[in-house]
Amino acid sequence: MQNAHFSALSAKHSVLDQRIAAESQRPRPDQMVLASLKKQKLRIKEEMAR
């Protein structure tokens, strides 16, 4: 159970990382979107650390 939860969090973290990279590559990245994605990624990272 715990392993499945960690795997799901890890997958979400990876997806957010890809979305951040894609947004950063745009000619004019939306800073609000980037900030939101980074906050989500940080929350997941903190939950993974518990």
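The values are calculated or read from the model by the stated rules, or taken from the named source; none is laboratory data. These numbers come from a predicted model, not from an experiment. Don't worry about glycine lacking a Cβ; one is built from the backbone with ideal geometry, like all the others, and counts go over all protein chains shown. The protein model used for the area step is the full one, side chains on, heavy atoms only, and it has no ligands, DNA or RNA in it. Shrake-Rupley method; radii C 1.70, N 1.55, O 1.52, S 1.80 Å.
List of remarks:
- Accessible area (Å², per residue) of the chain, counting only protein heavy atoms and a probe of 1.4 Å: 85 Å²
- Accessible surface comparison of 32, 48, probe 1.4 Å, protein chains only, largest first: the order is 32, 48.
- Computed over the chain: relative contact order in percent, which uses C-alpha pairs under 8 Å that are six or more apart: 47 percent
- The portion of the accessible surface of segment 1-49 made up by carbon and sulfur, rounded to a whole percent, is 54 (1.4 Å probe; DNA, RNA and ligands excluded).
- Simple spin-label estimate for residue 45 and residue 33 gives 2.1 nm between the two label positions (7 Å along the Cα-to-Cβ direction from each Cα).
- Ranked from largest to smallest solvent-accessible area, with a 1.4 Å probe on the protein heavy atoms, 41, 12 come out as 12, 41.
- Note that segment 1-49 carries a Kirkwood radius of 11.3 Å, evaluated over its alpha carbons pair by pair.
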